[in-house]
Structures are given as C-alpha cells and as structure tokens.
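Notes follow once the structure below has been shown.
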Amino acid sequence: MRRALAPLLAALLVMLSALPVLAAGKPEKTQNELLPPELYAAGMVCDFDLVVEFLIDTGHAIAFPVAEDGTQRLNLGGHLVVRVTNSETGASVTYNISGPGKFLFHGEQLTITGGGPWLLYAFPGDAGGPGMWFTRGRIGIEVDLNTGAWLAVSKPHNTVDVCAVLGGSSATE
C-alpha cells in the first residue's frame, strides 16, 4: 500500500486484526486512534511541502462478518478534523472530514464510497492525481491493494482544490 491511503489502510487493518472472530455474524465496532501528522514532500501531492495533522478523531469502524464470497465491509463514522499546512509559507486550513464512508475489500481491490465532507489526496500515477481536494458529497475510489494506486476516482461537483487554497498547485500542474 502506498502514500495517501497507507495511514488510513494501516489503521483499518490494525482494527480488523484486533477484532475477535466475528461470531454469530455480528458486526464488531472499534474506536479510532489519533494518527500522527503526515508530511508529504513537494511534488508528491502539491508543489510545496505539505503537512496533514489530525486534530480530532472520535471516529469508529464497524466491521461486518466476511461474506461467503470473501468480501469484507467496514462502515466508518464519527468526528474527524484535520489541519493541512503549506510548510513553506505556514498557510493552513482546517477541515471537518467526518464522512461517513464504506470500505469494501474484495480480492485485491478496495472500493471506497462515501458522502458528506472528505479530504482526498492522490499522488502521481493515481487516477485523478496528484492533488488534494476537500469534498462535500458523494465520492468513490477504487484502489489496487497490491500497490495502493487509485484505479478510479469520482468526486462531487462541490470540490475545493486544497493545493490552490494554500497558495500553490497540484504537483504536476
């Protein structure tokens, strides 16, 4: 797995591994832990060094039993607030990115769907990337679990280019 989804997927996989065997087909709920800040060098997301800090995370994941076809579903919800900073200028913005969302692991792919506010960030080689966007509305992402690459992405019309807001542009603009 790589870059943008790596911290999120790592946290999800830790939550999944910590769950007891889902007995009697009952979903299991786990609470998120506050993730450490992430630093992305210029050229990875935006054309400047970027820091993403998780300020509030009262989120949770609900893991459902593995289906007969081997798929695993996670529902995500809760309150999540991040601050995104252009580390070269000090300009920053704070966003409520509470979602909610659904993650469906199937084979070597992950399908992410969600609504409400999200912070999406992609890298060179990702569908729709590189860049960072604050969105409000329905999102969809298909991820190759072997590489972490976004295979497809759909963003709502209500999308803000965070790189531009912070005084720069996406890494390849």
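On the given criteria, is Gly70 modelled with pLDDT of 95 or more and not in a strand (DSSP E or B)? When the stated conditions are applied, Gly70 does not pass them.
Look at Thr113 and say whether it is over 23 Å from Ser170 (Cβ atoms) and in contact with a Leu (Cβ under 7 Å, 6 or more places away or on another chain).
Values: over 23 Å from Ser170 (Cβ atoms): yes; in contact with a Leu (Cβ under 7 Å, 6 or more places away or on another chain): no.
For Thr113, the condition - over 23 Å from Ser170 (Cβ atoms) and in contact with a Leu (Cβ under 7 Å, 6 or more places away or on another chain) - is not met.
Right, Leu35: at pLDDT below 95, under 26 Å from Thr89 (Cα atoms), surrounded by fewer than 18 Cβ atoms within 10 Å (Cβ to Cβ) and not acidic (Asp, Glu) or not? Yes.
Look through the range 128-148, keep the residues that are among the small types (Gly, Ala, Ser) and modelled with pLDDT of 95 or more, and return whichever of them is nearest to Leu50 (Cα to Cα). Steps first, answer last, please.
Going residue by residue through the range 128-148, those that are among the small types (Gly, Ala, Ser) are 128-129, 131, 137, 140, 148.
When the remaining residues are screened for being modelled with pLDDT of 95 or more, the result is 131, 137, 140.
Details: Gly131: 11, Gly137: 24, Gly140: 24 Å.
My answer is Gly131.
Of all the criteria given as (1) more than 17 Å from Glu53 (Cβ to Cβ); (2) of a type in the set (Val, Ile, Thr); (3) surrounded by 17 or more Cβ atoms within 10 Å (Cβ to Cβ), the one not satisfied by Val160 is (3).
Results for (1) hydrophobic (A, V, I, L, M, F, W, C); (2) assigned to a loop (DSSP other than H, G, I, E, B); (3) touching a residue at least 60 places away in the same chain (Cβ under 8 Å), shown as yes or no for each residue.
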| position | (1), (2), (3) |
| --- | --- |
| Thr85 | no, no, yes |
| Thr89 | no, yes, yes |
| Lys102 | no, no, no |
| Trp118 | yes, no, no |
| Phe134 | yes, no, no |
| Thr147 | no, yes, yes |
| Val153 | yes, no, no |
| Ala164 | yes, no, no |
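The values are calculated or read from the model by the stated rules, or taken from the named source; none is laboratory data. What you see is a predicted model, and the numbers here were worked out from it, not measured in a lab. So basically every Cβ, Gly included, is an ideal-geometry build from the backbone, and we count neighbours across all protein chains shown.
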